[in-house]
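FYI, it's all coordinate maths here, none of it is from the lab. Not measured: the values here are computed from a predicted model. So basically every Cβ, Gly included, is an ideal-geometry build from the backbone, and we count neighbours across all protein chains shown.
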Number of protein chains: 2
Amino acid sequence: MTQNIYDNPEFFTGYSALPRSVQGLDAAPEWPALRAMLPDLQGRHVVDLGCGFGWFCRFAREAGARSVLGIDVSENMLARAREMTADPAIAYRRADLETLTLTEGAFDLVYSSLTLHYLSNLAALFDTIHQALGPGGRFVFSIEHPIYTAPSAPGWASNAWPVNGYLTEGPRTTDWLAKGVIKQHRTIATYLNLLILTGFSVLRIEEWGPTDAQIAAHPEWACERERPPFLLVSGGR
Amino acid sequence: MTQNIYDNPEFFTGYSALPRSVQGLDAAPEWPALRAMLPDLQGRHVVDLGCGFGWFCRFAREAGARSVLGIDVSENMLARAREMTADPAIAYRRADLETLTLTEGAFDLVYSSLTLHYLSNLAALFDTIHQALGPGGRFVFSIEHPIYTAPSAPGWASNAWPVNGYLTEGPRTTDWLAKGVIKQHRTIATYLNLLILTGFSVLRIEEWGPTDAQIAAHPEWACERERPPFLLVSGGR
């Protein structure tokens, strides 16, 4: 089973203080690019896998979604998400994504932000997502980019990002917000081929880096153009 | 216009001595993986963009292709390709791939091995390929992997491959076989999104690295697992 690091007190405290936790989606630099991949949400049924504090769930409702289901493994995060809304069209459910079940054909959009790279096993989840979507449904997700997750000792060296282990998939343990955070490294090919084998069409991918305007506002983000930190994917059913 | 480095005498001499030039496809470590992406060639019409010495053209005929058209910009390579076959079902044509025209719907497979990363402009070529394929046709190609082409000064450092400039697309000048060889760096997203926008379905991608058996036979290839040297793509019309 996947590590539930978000219920580690040290990690949760650190995560809760991140700009994207405090200020929401607009503090996530990749959000404009991810948002551009979304279908029109008006009247749609949406599920967010790894919903955290529920920022996207609330966004989806503001964008006209008819219902939103937020799913997360972390009790801490769901508790805070529930505090932040009284909207009866938003429901939260605690679940381990590796054993998730969803009602067949019940959704128009499955969304997942920076969650899938924590999961040890994606095949069953991708099947669940595919059957949960109706015809024309979309599966839009972001993950840490495989160039970012590959190295055994990630970090900059002389303004470059030394990559090793790219083709060796499996766990990577890093000390990010807490010691011993486990992420699963997979190649881009593994993600896309699994999507295709599950029955999805690849509609678009983006290897995210900051725009010129973002770098002007945040010069410290410029290094992210040297190697993308995030991979954004849109799949169609 | 794209640099025609293959007609540079120094480059041509060096290229002609490579195992894949002397011994053909079986000396190319990625060939088994690329071959596995091909459709059945029996009775098919095939075109090879960047055919070089014609090894794939001859393979395609041996695999039952009805006709094979090999296209290359290099007179040197085409001259040698023509010397190596008298098969009337194999034709060779000199053309710049950036201004190529092909008969509409005339082909079942468009194949291209390690050629597209030399081209400055792919959009027109992808359109040409799409219209040249009949329904169900395939476009199978390999390129140098963007992780491989990104760095301004490519090379190993402490068993890692330092990546920079990944999101900065454009020419990269390297000294490989000759000085001043110009390749075009593009992201994986750019290749795949162009394919999708042209009208292709992404059927499969592979970020190639050596198998265990290949490493046992060629221990010096083991480093290629640290970062893939090649990207293989199969698109369907």
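Over all alpha-carbon pairs of segment B:1-63, lay out the pair-distance distribution in 5 Å bins, whole %, shortest bin first.
3, 15, 23, 24, 16, 12, 6, 1
Taking the Cα centre of the protein assembly as shown as origin, work out the dipole magnitude from +1 charges on Lys and Arg Cβ and -1 charges on Asp and Glu Cβ, in debye rounded to 20.
520
Can you give the Kirkwood hydrodynamic radius of segment A:164-234 from its Cα pairs, in Å with one decimal?
About 14.6 Å, per the Kirkwood formula over Cα pairs.
With label points built 7 Å along Cα→Cβ from the Cα atoms of B:Ala222 and B:Gln131, find their separation and express it in nm.
5.2
If you average the sequence gap of Cα pairs under 8 Å that are 6 or more apart and divide by the length of chain A, what percent do you get for the contact order?
18
Which translational diffusion coefficient, to the nearest whole µm²/s, is obtained for segment A:60-174 from the Stokes-Einstein equation, given a Kirkwood hydrodynamic radius over C-alpha pairs, 4 °C and 1.567 mPa s?
78
Which FRET efficiency value, to the nearest 0.05, do you get for B:Ala36 and A:Ala86 by plugging their Cβ-Cβ distance into 1/(1 + (r/R0)^6) with R0 = 41 Å?
Efficiency for this residue pair is about 0.15.
What is the average number of partner chain Cβ atoms found within 10 Å of a Cβ in A:201-207?
For this peptide, the per-residue mean of nearby foreign Cβ atoms is 6.
Could you line up B:Leu25, A:Leu49 from fewest to most neighbouring Cβ atoms inside 10 Å?
B:Leu25, A:Leu49
Mind jotting down a quarter of the surface of the convex hull over the alpha carbons of segment A:131-184, in square nanometres, one decimal?
6.0
What value in Å³ per residue do you get for the convex hull of the alpha-carbon atoms in segment B:114-236?
Given the Cα convex hull of segment B:114-236, per-residue volume reads 122 Å³.
Assign one of three labels to segment B:25-120, namely rounded, prolate or oblate, based on the Cα gyration tensor with a ≥ b ≥ c the square roots of its eigenvalues; rounded applies when a/c is under 1.5, prolate when it is not and a/b is larger than b/c, and oblate otherwise.
rounded
Among B:Leu125, B:Leu231, B:Leu18, what is the fewest-to-most ranking by other Cβ atoms within 10 Å?
Ranked by crowding around the Cβ, least crowded first: B:Leu18, B:Leu125, B:Leu231.
For the protein assembly as shown, just the Cα atoms, rotate onto the principal axes and tell me the three extents in Å, largest first.
77, 47, 44
Can you give me the Cα centroid spacing of segment B:14-72 and segment A:115-190 in angstrom?
35
Could you compute the net charge surrounding B:Leu41? Neighbours are other residues with a C-beta less than 13 Å from the C-beta of B:Leu41; K and R count +1, D and E count -1.
Every neighbour counted, the sum reads +2.
Based only on Cα atoms, what mean projected area does the convex hull of segment B:91-143 have, in nm²?
Averaging across all directions leaves 3.7 nm² for the Cα convex hull.
With all distinct Cα pairs included, what does the Kirkwood hydrodynamic radius of chain A come out to in Å, to one decimal, could you say?
18.3
Which percentage, to the nearest 5, of the DSSP beta bridges contained in the protein assembly as shown is antiparallel?
Percent antiparallel among DSSP bridges in the protein assembly as shown is about 55.
Rounded to the nearest 5, what % of the DSSP beta bridges within chain A are antiparallel ones?
Counting DSSP beta bridges with both partners in chain A, the antiparallel share is about 50 percent.
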